[in-house]
1. Mind checking whether some residue in the range 29-36 is surrounded by 12 or more Cβ atoms within 10 Å (Cβ to Cβ), out of contact with any Phe, Trp or Tyr (no Cβ under 9 Å at 6 or more places or on another chain), β-branched (Val, Ile, Thr) and assigned by TED's automatic domain parsing to the domain that holds Ile142?
2. Kindly indicate the residue of the range 57-73 that is in contact (Cβ under 8 Å) with a residue 12 or more places away in the chain and surrounded by 13 or more Cβ atoms within 10 Å (Cβ to Cβ) and also farthest from the chain's Cα centre (by Cα) among those meeting that condition.
3. Out of the residues in the range 253-262 that are part of a helix (DSSP H, G or I) and touching a residue at least 12 places away in the same chain (Cβ under 8 Å), state the one that is farthest from Thr307 (Cα to Cα).
4. Kindly indicate whether Arg224 is farther than 30 Å from Ser177 by Cβ and at pLDDT 95 or above.
5. Residue check: is Gln154 outside the structural domain of His304 (by TED's automatic domain parsing), crowded, with 19+ Cβ neighbours inside 10 Å and in contact with a Cys (Cβ under 9 Å, 6 or more places away or on another chain)?
6. Six or more apart or on different chains, Cβ under 6 Å: which pairs go from a residue in the range 85-97 that's in the same structural domain as Leu34 (by TED's automatic domain parsing) and charged (D, E, K, R) to one that's surrounded by 13 or more Cβ atoms within 10 Å (Cβ to Cβ) and assigned to a helix (DSSP H, G or I)? Could you list them?
7. Is at least one residue of the range 327-338 buried (at least 16 other Cβ atoms within 10 Å of the Cβ), of a type in the set (A, V, I, L, M) and touching a residue at least 40 places away in the same chain (Cβ under 8 Å)?
8. For the range 29-48, does any single residue satisfy the condition of being touching a Lys or Arg at 6+ places or on another chain (Cβ under 7 Å), modelled with pLDDT of 95 or more and not in a loop (DSSP other than H, G, I, E, B)?
Amino acid sequence: MDKAYRYRIYPNKSQKILLARTFGCVRFVYNHFLNKKQKLYESDGTNLSYNDMAHEVVDMKHTPEYAWLSEVDATALQSSLRNLDRAYTNFFRKNAMYPRFKSRRTHCFSYTSKNNSNSIKFNNGYITLPKIGIVKSKNKCIPQGRIVNATVTQESSGRYYVSLCCKDVDVEQYPNSNKSTGIDMGISHFCTFDDGVKIDNPKYLAKSLKKLARLQKQLSRKPRGSHNWDKARIRVARMHEHIYNQRNDFLHKLSTDIVKQNSIICIEDLDIQSMQNNQHIARDVADVSWSRFMSMLEYKSAWHGRTVVKIDRYFASSQTCHECGYKNTDVKNLNIRRWTCPECGTVHDRDVNAAINILREGQRLLLLQ
């Protein structure tokens, strides 16, 4: 299977300069051919294919005006053209918006290099990249399988990372488990299991809002573009990165534990986009990061032979009594956390009842497959 390994890298001064040039060349090539595609289509309705653009880049390198394109990795320029071609394809398939020009005013840059003739290597904490050379990394995790490409990123915080994409990776399987679980997602509690266990929502963004507001206020007082403004911008970016890392660490640990302990995982297919349109809970929904958590459950389950069952978002898991099946529409009110079934008299915890119903519905769907 395919797997990516992400490392923080520490380039020296000359490597930082070359990385900045590569980011700039990749952005230039993308914008140059996006502009050319637009003009060709407006003039005679024709289009440029990837091969046409790639051959033209080779010709541009041999002209004095664009000779500086030869200073950077050629596969990075090719990957940029691939991205542009894919962006057009997605647009015409109505899977994405029309491609936009890349801005030099952002503070987050990236490019992808292909591993041709073993040009990308990992050796004892050092990573070799095309044109860049040997770059230091403190992470000693050895990538498995065959390295296909490397994506180098400079985050808004100024830190550099590289993601090594590997193929033919053998993932050690977790021991077989005969357990099944139903998971109800929430905001007050991150999730509730069918056995009554509740995981508190860490609310990393909410806990850091005061400090983040103070840093953003300091940034707003600096003259834009000045040296002090840039230092204040980096402090804000690093605060955001810290919150992201906290959340990511929590999600990884929890999703790994769930996949280890259960063979069948039943979870709701939430309409997260609609929830974020509600101004009262939009920030809490973004902070809780359900979508990323579900994605982690899915790909980790695929690695280890587990099954994830997604329940229809309109399934009335909270309103249905798991004992007798009575549907109580009053429970649509989110303020009702406990309720008693009028039919059988069972006292329900809203979230635990929903998790039990999600598990049973997931087991029913598996039997139908």
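1. Yes, the range 29-36 has at least one match.
2. Applying the filter and picking the extreme gives Trp68.
3. The initial filter retains those residues of the range 253-262 that are part of a helix (DSSP H, G or I), namely 253-261.
Filter once more, keeping what is touching a residue at least 12 places away in the same chain (Cβ under 8 Å): 254-256, 258-261.
Numbers: Leu254: 17, Ser255: 13, Thr256: 14, Ile258: 12, Val259: 9, Lys260: 12, Gln261: 12 Å.
Filtering first and then ranking leaves Leu254.
4. On the way: farther than 30 Å from Ser177 by Cβ: yes; at pLDDT 95 or above: no.
It is false that Arg224 is farther than 30 Å from Ser177 by Cβ and at pLDDT 95 or above.
5. On the way: outside the structural domain of His304 (by TED's automatic domain parsing): yes; crowded, with 19+ Cβ neighbours inside 10 Å: yes; in contact with a Cys (Cβ under 9 Å, 6 or more places away or on another chain): yes.
Taking the combined requirement at face value, the residue satisfies it.
6. Asp85/Tyr50
7. If we filter the range 327-338 for residues that are buried (at least 16 other Cβ atoms within 10 Å of the Cβ), which is where we start, we get 328, 331.
Next cut, of a type in the set (A, V, I, L, M) only: 331.
With the extra rule that they be touching a residue at least 40 places away in the same chain (Cβ under 8 Å), the set shrinks to none.
No, there is no match, as no residue in the range 327-338 is buried (at least 16 other Cβ atoms within 10 Å of the Cβ), of a type in the set (A, V, I, L, M) and touching a residue at least 40 places away in the same chain (Cβ under 8 Å).
8. We begin by selecting, within the range 29-48, every residue touching a Lys or Arg at 6+ places or on another chain (Cβ under 7 Å); these are 30-31, 47-48.
Within this subset, residues satisfying the condition of being modelled with pLDDT of 95 or more are 30-31.
Narrowing further to those that are not in a loop (DSSP other than H, G, I, E, B): 30-31.
Yes - at least one qualifying residue is present in the range 29-48.
The values are calculated or read from the model by the stated rules, or taken from the named source; none is laboratory data. All figures in this text were calculated on a predicted structure; none of them were measured in a lab. When we count neighbours, we look across all protein chains shown, and the Cβ atoms used for this are built from the backbone with ideal geometry, even at glycine.
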